[in-house]
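Here the structure is laid out as structure tokens; the discussion comes afterwards.
Read-outs throughout are calculated quantities, based only on the coordinates presented, and are distinct from any laboratory measurement. Here the structure is a predicted model, which is why all the values come from computation and not from measurement. Here the Cβ is made from the backbone with ideal geometry for all residues, glycine too, and neighbour counts use every protein chain on show.
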Amino acid sequence: MYKLIAIDLDGTLLNSYGEVSKENCEALKKAKEKGIEVVITSGRMKGSIISIAEEIEATNYIISGNGSILYDNKKNQILYESMLNKEKVLKIIKICEENSIYYNLYTENEIIAKNLNYNVLFYNYENSKKVEDKQTKINIIEDIYKYVENTNLNIVKITICDESQAIFNRIIDKLKQINGIDILDIEHMSRKKIMSGTEEINIGYYYTEIMNKDVNKWNAIKELIKYLNIKEEEVIAIGDNVNDKEMVEKAGLGVAIGNSWLDKEHIGDIFISDNNSNDIAKIIEQYVIN
């Protein structure tokens, strides 16, 4: 019997508009009613996750920053964390600044960026649909290097974005020279949709995420299941991208979203339709509820 569902957000539970379908939401609630723990495992920070966690009634535990932080939300405490140190963060910022490439920093509480673009533009769009206390806090800073240098910040991860794959790949090669960090090897372009009135705007960009060495979602899940006295084989993990690889590979049941990186790499026990379908609900009905 499965006792925990670990589920990614972007590209997995959330559709192209950043929404959870009614069917998937209801299925996760039914799983909770049966005593199954549901935990969101996302690259986002906690503030950007919590409103979605409340929507699916899965607020007990949250894994953010691709596994950088595991929260016990009931007790308002951190069970596990692994942050980037200031020296590494400043090296990464310097490389991005020297090459005029877009980047943003994630702390526990906010995203730090120079302007609204790429992923931050999408979070700003999401904020327009949320009440103020549920919004992702975005801190626009002109001189990020100086800000980090003069402030004691806990940096969870750094996201780097560009529309040109050639420019993006050159930056990745330079970043790989920094020791003690993990760089997600994401080859495809992120695609999201924003509605502006009746007009649909597409946002596309290549991106990577940089975390502390050996940070991944599965390592955070292992800390959680140890805390909850759950076995690895009693976990269902659902994801789509390279940052979900370890958890989908090592969980008792690994579910990969169709037309995703995991799908193309044939990583997973079960392969379902894309994130605009309701196949997550079908999997939960089949393997948990029934």
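What are the ³J(HN,Hα) couplings of the range 19-29, residue after residue, when phi is run through the Karplus curve with 6.51, -1.76, 1.60 and θ = phi - 60°? Round to Hz, x for glycine and proline.
Result, ordered by residue: 10, 9, 5, 4, 5, 5, 4, 5, 5, 5, 5 Hz.
How far is it, in nm, from the label point at M195 to the one at E110 when both lie 7 Å from their Cα along the line to the Cβ?
My value for the distance between the label points is 3.0 nm.
Rounding to the nearest 10 and keeping the result within 0 to 90°, find how far the Cα-based axis of helix 165-175 lies from the longest principal axis of the chain.
80 degrees
For a 26 Å ceiling on Cα separation, which of these pairs sit above it: K74/K130; K129/K193; K134/K250; K94/K213?
K134/K250
So for the chain: antiparallel DSSP bridges make up what percent, rounded to the nearest 5? Don't skip to the answer; put the middle values down first.
Details: 35 of 56 bridges.
The answer is about 60 percent antiparallel.
If I build a Gaussian network model for the chain, linking alpha-carbon pairs within less than 10 angstrom, which residue out of N169, N150, N276 has the largest mean-square fluctuation?
N150
Taking semi-axes √(5λ) of the Cα gyration tensor in Å as the quantity of interest, determine which of (1) 29, 21, 19; (2) 33, 23, 17; (3) 26, 24, 20 was computed from the displayed structure.
Here semi-axes √(5λ) of the Cα gyration tensor in Å agrees with entry (1).
How many angstrom lie between the C-alpha centres of the range 146-210 and the range 1-73?
23 Å
If you put +1 on each Lys and Arg Cβ and -1 on each Asp and Glu Cβ, how big is the dipole of the chain around its Cα centre, in Debye rounded to 20?
Dipole magnitude for the chain comes out near 540 debye.
Over the chain, calculate the relative contact order: mean separation of alpha carbon pairs under 8 Å at least 6 apart, over the residue count, as a percent.
22 percent
In sequence order, what are the phi-derived ³J(HN,Hα) couplings for the range 136-141 according to the Karplus relation 6.51 cos²θ - 1.76 cosθ + 1.60 with θ = phi - 60°, rounded to whole Hz, with x for glycine and proline?
6, 6, 10, 10, 8, 10
Restricting to DSSP H runs of at least four residues, report the calculated mean residue ellipticity at 222 nm for the chain, -39500 (n - 2.57) per run over all residues, nearest 500 deg cm²/dmol.
Estimated from H runs of four or more residues: -9000 deg cm²/dmol.
Starting from 0.36 nm per residue, how many nanometres of slack lie between L79 and V131 once their C-alpha separation is accounted for?
The L79-V131 span can extend by a further 15.9 nm.
Sorted from fewest to most neighbouring beta carbons within 10 Å, what does the list C25, C96 look like?
Sorted ascending by nearby Cβ count, the order is C25, C96.
Considering only DSSP beta bridges with both partners in the range 86-212, what is the antiparallel share in %, to the nearest 5?
Close to 90 percent.
Over the range 134-274, what is the percentage of antiparallel beta bridges among all DSSP beta bridges, to the nearest 5?
Bridges in the range 134-274 that DSSP calls antiparallel: roughly 70 percent.
Which of the lysines could be linked to K282 by a straight reach, that is with a Cα gap under 20 Å, when you skip same-chain ones fewer than 8 residues away?
Output for K282: K3, K22, K29, K30, K32, K34.
Against the longest alpha carbon principal axis of the chain, how many degrees, from 0 to 90 and to the nearest 10, is the axis of helix 118-127 turned?
Compared with the principal axis, the helix lies near 60 degrees.
Find how much the distance from K226 to S273 grows on full extension, using 0.36 nm per residue of separation minus their present alpha carbon separation; answer in nm with one decimal.
13.8 nm
Quick one: what are the phi-derived ³J(HN,Hα) couplings along the range 221-231, Karplus 6.51/-1.76/1.60 with θ = phi - 60°, whole Hz, x for glycine and proline?
Values per residue, Gly and Pro as x: 4, 4, 5, 5, 5, 5, 5, 9, 6, 10, 7 Hz.
Could you pull out which residues in the range 186-214 have an amide N less than 17 Å from a spot 7 Å beyond the Cα of A166, following the Cα-Cβ vector?
Residues 206 fall inside that zone.
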